[in-house]
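Comments concern the structure below.
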Amino acid sequence: MSWKIALAEVSFGTEEYDAIKRVLDSGWVSMGPETEAFESEFADYLGIGHAVAVSSGTTALHLGLLAAGVGSGDEVIVPSLTFVATANAVLYAGAIPVFADITGVDDLNISIDQIERKITPRTKAVICVHYAGFSCAMDRLRSLAQSRGLAVVEDAAHAPGASFRGKKLGTWGDVGCFSFFSNKNMTTAEGGMVVTDSLPIARTIRMLRSHGMTTLTWDRHRGHSFSYDVVEPGFNYRMDEIRAALGRAQLAKLEDNNAMRRIATEGLRDRLAGVDQISIPFQDQALEESSCHIFPILIDKAGRRPGLMEHLKNQGIQTSIHYPPVHRFSTYQSNGPARADGLAFTEDVASREITLPLFPRILPEQLDAISSEVRSFLEK
Ligand SMILES: *Cc1c(COP(=O)(O)O)cnc(C)c1O
């Protein structure tokens, strides 16, 4: 299917081509100096002590949970209105996802009150997802977690460059997890990053990322060591030099790209203002603090959603749903140990949400086309 306006679009320039060529010419393609440079540039950008590059956002979440001390039988409170990887990672750690409702139809982030209601003696951690790049109430979440002795893991897959009260998202929790999948605000094709201010947590993540080994192939290549010990059965969740180089080029463009996403978001909001049949969430949050990852709208009648999506598709405009709620998937319904109750806002939003196209280089004419097709369908 070739769309006139795709949901998301990547754009690469000479910087990315040069970066990849630099790695290929160097003769070293698995984890090494480019990855180290990417990690330190990412940590500096966020203003945090440590960043560890990994193979995906999903593996970032898995290692983040393990390093935060989550293990077998623990409960982890998560939103259901998220990508399934958020909850799957809890299962990888041997723990039980406990789903908490979102705040409401204007704020699609996990509700701090609902988190509080779901805490039991077995609760070990909370994963918050900054939906669309708009921050969860991190001040309230942090003080709740502190008073109840819970770890906070931020799923910041939507939120590189976003902030809350001037402090970057990903740096509010015990660990922050990023994804560099192709449709995210910055991409390495596949990849992720775990960030933390804790040296012990960073060390654990580095060790688990590479089989639980005490030295790296790169160390041995440089003659720093001949052998190694394995202190835990870890994983191969490493990033490689080609992706790291791509990530460095993309990180350098992130601020500009996020600024363009904000302009496009404002442009769509303006064009859709006054369409009574839809509402646009997050309008009372500061746009300058958001990474504007996606553009969600809520249609008034769930029954009209398929028609609107079909109409837009016929005009070559791609849309999506963020998200089919995780607690509804069959694996979470049938044999999953997950707990899900009291998810009224999640159910409601999941039945009425449509995601419209948004990417940095989207053109004003494309914004015009999207809004006029939404209007023409709903107002006829
Ligand atoms: C993309 C995404 C992930 C998973 O990242 P991958 O890099 O695709 O593994 C996790 N959580 C959320 C909210 C995401 O959007």
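Computed from the coordinates by the stated procedures, all read-outs in this text should not be read as laboratory data. Predicted model only: the values in this text are computed from it and were never measured. All Cβ positions, even for glycine, are placed from backbone atoms using ideal geometry, and neighbour counts span all protein chains on display.
Taking 0.36 nm per residue of sequence separation and subtracting the Cα-Cα distance, how much length would be gained by fully extending the chain between Ser376 and Arg328, in nm to one decimal?
14.0 nm
Helix 33-46 versus the longest principal axis of the chain: what is the Cα-based angle in degrees, 0 to 90, to the nearest 10?
The angle comes out at about 50 degrees.
So how do Arg222, Arg209, Arg142, Arg352 line up by other beta-carbon neighbours within 10 Å, fewest first?
Arg222, Arg142, Arg352, Arg209
For Lys253, go through the aspartates and glutamates and keep the ones whose alpha-carbon is under 14 Å away, minus same-chain ones fewer than eight residues off.
The qualifying aspartates and glutamates are Glu15, Glu16, Glu41.
Please arrange Asp256, Asp300 by counting, for each residue, the other beta carbons lying within 10 Å of its beta carbon, fewest first.
By the 10 Å Cβ count, ascending, the order reads Asp256, Asp300.
Hey, what number do you get for the chain at 222 nm if only DSSP H runs of n ≥ 4 count, each worth -39500 (n - 2.57), divided across all residues, to the nearest 500?
Calculated at 222 nm, the ellipticity per residue is -12000 deg cm²/dmol.
No partner Cβ under 4.7 angstrom, meaning no disulfide-compatible partner by this rule: which Cys of the chain qualify?
If one checks each Cβ against the other cysteines of the chain, Cys177, Cys292 turn up with nothing under 4.7 Å.
To check you understand DSSP bridge types, tell me what percent of the beta bridges within the chain (both residues inside) are antiparallel, rounded to 5.
Around 55 percent of the beta bridges assigned by DSSP in the chain are antiparallel ones.
Listing Lys118, Lys380, Lys313 from the residue with the fewest other Cβ atoms within 10 Å to the one with the most, what is the order?
Listing Lys118, Lys380, Lys313 from fewest to most nearby Cβ atoms yields Lys380, Lys313, Lys118.
Would you mind computing, in nm to one decimal, how far apart the modelled labels at Asp106 and Arg165 are, each placed 7 Å from Cα along Cα→Cβ?
That separation, rounded to one decimal, is 2.0 nm.
Looking at the chain, which longest stretch skips every one of the chymotrypsin sites (Phe, Trp or Tyr not before Pro) that is in a DSSP loop with at most 16 other Cβ atoms within 10 Å, leaving the sites themselves out?
Counting only loop sites that pass the neighbour cut-off, the longest clear stretch is 29-225.
Return one number: the angle in degrees, 0 to 90 and rounded to the nearest 10, between the long axis of the Cα atoms of helix 364-378 and the longest principal axis of the Cα atoms of the chain.
That works out to roughly 50 degrees.
Indicate the gyration tensor shape class of the chain (rounded, prolate or oblate), computed on the Cα atoms with a ≥ b ≥ c the square roots of the eigenvalues: a/c under 1.5 is rounded; otherwise a/b larger than b/c is prolate and the rest oblate.
Cα axes put the chain in the oblate bin.
Quick one: Karplus J couplings for the range 116-124, per residue in order, coefficients 6.51, -1.76, 1.60, θ = phi - 60°, nearest Hz, x for Gly and Pro?
4, 5, 9, 6, 10, x, 8, 5, 10
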